Amino acid sequence: EKGGWSSFMAKEINEEPEAVLNTTLGRVHEGVVDIDELAGLDELFARIDRIVVVASGTAAYAGQVGKYAVERWARVPVEVQLSHEFRYSDPIITPETLVVSISQSGETMDTLLAVKYAAEHGAKTLSICNTQGATIPRESDAVVYTHAGPEVAVASTKAFVAQITALYLFGLHLARVRGTLDADAIAAQTEELLAVPAKIRQILETETAEVARLAHWMADSRAILFLGRHVGYPIALEGALKLKELAYIHAEGFAAGELKHGPIALIEPGQPVFVVVPSPRGSETMHSKVVSNIQEIRARGARVIAIAETGDVAVLPFADEVIRIPLAAPFFEPLLAVIPLQVFAMELSSAKGLDVDQPRNLAKSVTVE
Ligand code: F6R
C-alpha cells in the first residue's frame, strides 16, 4: 500500500504535486476560475460582508494562509476561528455571514458542531473537505472538495496544500463574481497556481537530502523555533505543529515581528531557528525586515536555517543553512515553503526511531468534542 515508500507520510508528501493539480482540475479554464459546486451562489457571494473560517489544527493554518489571499482578491473580511472556540465566543452571525469550514476528514466533531451552530444562527455554510460524502459536507449548504486522495498518515501534509489550493480557487471565484479583480489579474494568479505542482516536485528532488541531514544533526534538540511573516507566519506555525506531533520536540512558531516583544529572550547559543524568508520581489521592506530578524537572532548565537527563494543572496552572510525554494508570487510561497518543513519533521521523527505514521496519543480524525 505504501508503494515502496518507507511510510505513508513519505508517500503522501510525494503526492503533493498531484494533490494541488487534481484540486484545480475542471475549475480553471483558460485563466477563468469557475467552480461548478458553487453555481447558483452568485447572489449570496455578491452580498456577503464577512467570512468566518472554522477549522482545527493544520486545517486552521490553511485557513490562515487563505485569509490573506481571499481578503486581497475578493475584498471581504475573513476571520479564522478554531472550531472548538467558535461556539463559545457568542460569534456575530448574520445572513450576510458565510461560514467556511475546512476539514480533511469531514468528521472532526468540533468543526461539525461549529458548522451546525452557524447554520442554526442563520449563516450560509460552505465546506472545504477531502472526503466525499462525509458528515460536514452533508451538513453544509455547499461543498468544494479537495482532491488530495485518501490521507492515511496521522500528520496532514497533502491535504494541507490541497486546502490552500481550494481556498485560493474559492477566492478567485469570489473575486470574479464580486468584480473585485479583472480577468487579467485572475488569469495571472491561475498561472501561478498551475505552476506550483512542478515547483513542489523540484523541491522534493533537490532539497530532501539536505533537509534529512539537518534533521539528523538536530535530533537531540530540546526546542526548535520557527519564524515567518504574512503568509509565512501560518507556515511557521504549521512547521512547529508537525515537529511537535511527529518528533515530540517542543516547537513554537512566531510572527517574526513579535520577536522583540518577548520571544527573542529564548535565543541562546546553539538554538535552532527556522526562518521562512519572503521573496524580495514581493515586498522589499518585508524581506529586509526578516533579514534583520535573522541578524538579531544570529548575533545572540541562534543557528539559523533559512527557507529562501533561489537567488536570494541577502540571507547568505547570516544564515547557517539555506534551503532553496523556486521563485513564486508571494501568495504561492507558502505552498512551497511548507514542503521542507514537513520533510524535516518526518526525517527527525524517523531519526529518533519513532512511528512516523502513527504518533503517540493522536488519532487521524478527532470525532469527539
Ligand atoms: C496535524 C493534523 C491535525 C488536523 C486536525 C483537523 O497534522 O492532522 O491538526 O489537521 O485534527 O482535522 P480535519 O482536517 O480532519 O478536520
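The values are calculated or read from the model by the stated rules, or taken from the named source; none is laboratory data. Not measured: the values here are computed from a predicted model. Neighbour counts are summed over all protein chains in view; Cβ atoms, including those assigned to glycine, are modelled from backbone coordinates with ideal geometry. Protein only, heavy atoms only, side chains kept; ligands, DNA and RNA dropped before computing areas. Shrake-Rupley method; radii C 1.70, N 1.55, O 1.52, S 1.80 Å.
Can you name every residue in segment 1-39 that is outside any helix (DSSP H, G or I), farther than 22 Å from residue 192 by Cβ and open to solvent by less than 50 Å² (accessible area, probe 1.4 Å)?
Restricting attention to segment 1-39, the residues satisfying the condition of being outside any helix (DSSP H, G or I) are 1-7, 15, 25-35, 39.
From what is left, the residues that are farther than 22 Å from residue 192 by Cβ are 1-7, 39.
Selection gives 7 alone.
Just give me the residues in segment 296-311 being under 23 Å from the mean Cα position of the chain (by Cα) and open to solvent by less than 10 Å² (accessible area, probe 1.4 Å), in sequence order.
Passing the criteria: 304, 305, 306, 307, 308.
Tally up the residues in segment 190-224 that are open to solvent by less than 10 Å² (accessible area, probe 1.4 Å) and outside any helix (DSSP H, G or I), please.
Residues meeting the conditions: 2.
Contact list please: Cβ distance under 6 Å, first residue in segment 225-244 and under 21 Å from residue 265 (Cβ atoms) and of a type in the set (Lys, Arg), second residue open to solvent by less than 30 Å² (accessible area, probe 1.4 Å) and in a helix (DSSP H, G or I), pairs at least six apart or on different chains.
Close Cβ pairs (under 6 Å, with a partner that is open to solvent by less than 30 Å² (accessible area, probe 1.4 Å) and in a helix (DSSP H, G or I)) amount to 229/256; 229/290.
Taking into account only those residues within segment 76-92 that are away from the ligand (no atom under 16 Å from the Cβ) and open to solvent by 30 Å² or more (accessible area, probe 1.4 Å), which is nearest to the chain's Cα centre (by Cα)?
79
Inspect segment 337-349 for any residue being away from the ligand (no atom under 14 Å from the Cβ) and without any contact (Cβ under 8 Å) to a residue 40 or more places away in the chain and give the result as yes or no.
There is no residue in segment 337-349 that is away from the ligand (no atom under 14 Å from the Cβ) and without any contact (Cβ under 8 Å) to a residue 40 or more places away in the chain.
Got a number for residues in segment 108-134 being within 11 Å of the ligand (Cβ to nearest atom) and closer than 30 Å to residue 3 by Cα?
6
Evaluate the following for residue 69: is it closer than 19 Å to residue 172 by Cβ and away from the ligand (no atom under 16 Å from the Cβ)?
yes
Pick out the one residue from 265, 256 that is open to solvent by 70 Å² or more (accessible area, probe 1.4 Å) and not basic (Lys, Arg).
Working: 256 fails: open to solvent by 70 Å² or more (accessible area, probe 1.4 Å).
Answer to the check: 265.
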